[in-house]
Number of protein chains: 2
Amino acid sequence: MDIDKLAKGIVAGERRALARGITLVESSRADHREQATALLAALPKEHEALRIGLSGTPGVGKSTLIESFGMMLIGQGLRVAVLAIDPSSSRSGGSILGDKTRMDLLARERAAFIRPSPSQTHLGGVARRTREAVTLCEAAGFDVVLIETVGVGQSETVVAEMSDVFLLLLAPAGGDELQGVKRGIMEMADIIVVNKADGDLKPAASRTCADYAGALRLLRKRLQDPDGFPKAMMVSALEENGLSEAWAEVQTLAGWRKDHGFWQRTRAAQARYWFEQAVKHALLAQLEAPKAKAALAELSDLVAQGLEDPTKAALDFVAQLDRSLA
Amino acid sequence: MDIDKLAKGIVAGERRALARGITLVESSRADHREQATALLAALPKEHEALRIGLSGTPGVGKSTLIESFGMMLIGQGLRVAVLAIDPSSSRSGGSILGDKTRMDLLARERAAFIRPSPSQTHLGGVARRTREAVTLCEAAGFDVVLIETVGVGQSETVVAEMSDVFLLLLAPAGGDELQGVKRGIMEMADIIVVNKADGDLKPAASRTCADYAGALRLLRKRLQDPDGFPKAMMVSALEENGLSEAWAEVQTLAGWRKDHGFWQRTRAAQARYWFEQAVKHALLAQLEAPKAKAALAELSDLVAQGLEDPTKAALDFVAQLDRSLA
């Protein structure tokens, strides 16, 4: 594969080149990984998209919101990429963005690029590949990269680690109770967006929004926030209400962070985070080499038979692991 | 430290030796880790305790149940050790078993040994240390080792990976709805124990028990289960009702698994699991060596400044990592 040509195609905004590049970073074949690394190194890093993380449990209306929000941005002349991290994709084959028809208006737009979650791997692998896909979308000149995830488990953390602004999408709650959103996830949110503020659900949406606004006020003030943030607001993705207000808030926040040095500081910290993750991943990948695998299987048999202590056998194995094994 | 003497003390059933041994396996100091590994290798493996995993969210009455259940077992002449895995202990300083007064009757018994969750480390570290503490308790001749965890997050999985029998403790539900117990956790359970089947809550407990019995019937039949398992049953830890029935079920299940080869097969698979975890841990521990740390910090700075791509820098680093660095 001609990596330089592929890189040029991506920078020129060719959709096919971008899609091929993402397929490359998603592959786990060793030669593909090598080419993907070369591709990432070859791409220019000057253009920065606004990376928006978006988390919400199934049923809160993520697809409808992304479609409405994306169409609005495109109407303003912006180019929008939508990526996804589905922590369940390794088992179920993917439950989000697997079907482009979920966002069929957006999918038909030339200024939009929609890519489902990479599958067949664990969350760490999905996350790394999506982060690399974000880099590719930035090089391809997209203005906004939306990274979607379902709000279960740890996928919010990894999405927050690759976003400039993180939105938590909620549905109106039945009672006057917070929806069991974990504190850790609330602490990640820059803006809590209560969707479905339409029809019968409007009063409930209003109450939920007020509840979360109250809860957010109780959180410790973060350095990277101007006054008034994090905040809660209502939208109706269905009726396309509140979307331009949400976009204005995102822009206000992003602008303030740029002006006050937090944008670059956060991106630098995120780069460190992904570097550390990649180091750990590369270290553990040594265990996948055929010789290492065979040696491990042999020791594992002894451990299973009770002839070796698991901890001691592990320490001995790693002490002896050298380049010839890996 | 005289490891042989410590091992002999543990085998002789000396409480202080056992406590010191557990403190040793809980330490993260390199010299302590080495001694802990030697200790584990030095201990005889002949005596097998019945390892019972017990998971339940806060408020379901875990402490009361463990106290009542433990006192009953001691009354039958058995020796009982209680260990805990608290995934939140690294942050909060531990929320379970931190206070022995939670089980003050049991704590006063000579035939009982209660140890709070190790703290100040991530779940993987807590889990490994607790698994090693289980080994120590077995060598010390305990008949039953109860491993408690709070039912949030991934700690159930690691407890199930060190248990012969896994109990899921639930409280009576308000409505006729299942309590949002994740399918994965239900699939781990050998016996679902609905607590608080007393007073006003008795009808709700009965309904909840029937609901879960129904849900369990929908799960795929597992090879390691005799007819009738997994099952749901009611107890009242407070009124000490149903405890001997629960114990009889545990013994029936354990006996069947021993007779049919599943006991040893499961333990062998668990030993493999912990060996693999220990290998990964030992590999990643190389990054903690001073030279490796310094080299990583330097590269991380370049990555943060955008002068190196995170993925490429990581691959280069690991390729160059050799014994001289570690």
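The values are calculated or read from the model by the stated rules, or taken from the named source; none is laboratory data. Note that the structure is a prediction, hence the values are computed from the model and not measured. In this analysis, Cβ positions are derived from the backbone assuming ideal geometry, glycine residues included, and neighbour counts consider all displayed protein chains.
Checking B:Ala38 against (1) in contact with a Lys or Arg (Cβ under 9 Å, 6 or more places away or on another chain); (2) within 19 Å of B:Asp164 (Cβ to Cβ); (3) within 14 Å of chain A (Cβ to nearest Cβ): exactly one of these is not met. Which one?
(2)
Would you check if B:Glu132 is at pLDDT 85 or above, assigned to a helix (DSSP H, G or I) and in contact with a His (Cβ under 8 Å, 6 or more places away or on another chain)?
No, not satisfied.
So in segment A:265-319, with the set limited to residues that are among the hydrophobic types (A, V, I, L, M, F, W, C) and closer than 19 Å to A:Thr135 by Cβ, which one is surrounded by the fewest Cβ atoms within 10 Å (Cβ to Cβ)?
Going through the qualifying residues, I end up with A:Ala269.
For B:Gly70, are the conditions met, namely being within 23 Å of B:Thr266 (Cβ to Cβ), under 20 Å from the mean Cα position of the chain (by Cα) and assigned by TED's automatic domain parsing to the domain that holds B:Ala133?
no
Could you identify the single residue in A:Ala49, A:Ala84 that is touching a helix residue (DSSP H, G or I) at 6+ places or on another chain (Cβ under 9 Å) and either at pLDDT below 80 or under 19 Å from A:Ala248 (Cα atoms) (or both)? Reasoning before the result, please.
Details: A:Ala84 fails: either at pLDDT below 80 or under 19 Å from A:Ala248 (Cα atoms) (or both).
Only one candidate qualifies: A:Ala49.
Identify the single condition in (1) buried (at least 19 other Cβ atoms within 10 Å of the Cβ); (2) in a helix (DSSP H, G or I) that A:Lys5 does not satisfy, given that it satisfies every other one.
A:Lys5 satisfies all of (1) buried (at least 19 other Cβ atoms within 10 Å of the Cβ); (2) in a helix (DSSP H, G or I) except (1).
Has segment B:21-32 got at least one residue that is at pLDDT below 95, within 14 Å of chain A (Cβ to nearest Cβ) and within 19 Å of B:Val194 (Cα to Cα)?
no
How about segment A:218-319: which helices (runs of 4 or more DSSP H) wholly inside it have at least 1 residues that are modelled with pLDDT of 95 or more and within 14 Å of chain B (Cβ to nearest Cβ)?
Counting at least 1 such residues, we get A:262-285, A:290-304.
Considering only residues that are in contact (Cβ under 8 Å) with a residue 24 or more places away in the chain and among the charged types (D, E, K, R), look in segment B:41-63 and name the one that is nearest to the other protein chains (Cβ to nearest Cβ).
Initially, segment B:41-63 is screened for residues in contact (Cβ under 8 Å) with a residue 24 or more places away in the chain, giving B:42-45, B:47-63.
Applying the additional criterion that residues be among the charged types (D, E, K, R) yields B:45, B:48, B:51, B:62.
On the way: B:Lys45: 6, B:Glu48: 10, B:Arg51: 15, B:Lys62: 20 Å.
By that ranking, first place goes to B:Lys45.
Take segment A:40-67 and flag every residue that is in a helix (DSSP H, G or I) and more than 20 Å from the chain's Cα centre (by Cα).
A:Ala41, A:Ala42
Can you tell me which of B:Thr37, B:Thr64 is among the β-branched types (Val, Ile, Thr) and over 30 Å from B:Leu170 (Cα atoms)?
One residue alone meets the criteria, B:Thr37.
Looking at A:Ala237, is it in contact with a Ser or Thr (Cβ under 6 Å, 6 or more places away or on another chain) and either of a type in the set (D, E, K, R) or over 30 Å from B:Thr37 (Cβ atoms) (or both)?
It is true that A:Ala237 is in contact with a Ser or Thr (Cβ under 6 Å, 6 or more places away or on another chain) and either of a type in the set (D, E, K, R) or over 30 Å from B:Thr37 (Cβ atoms) (or both).
Quick check on B:Asp176: is it away from every other protein chain (no Cβ under 14 Å), assigned to a helix (DSSP H, G or I), modelled with pLDDT under 95 and out of contact with any strand residue (DSSP E or B) (no Cβ under 9 Å at 6 or more places or on another chain)?
no
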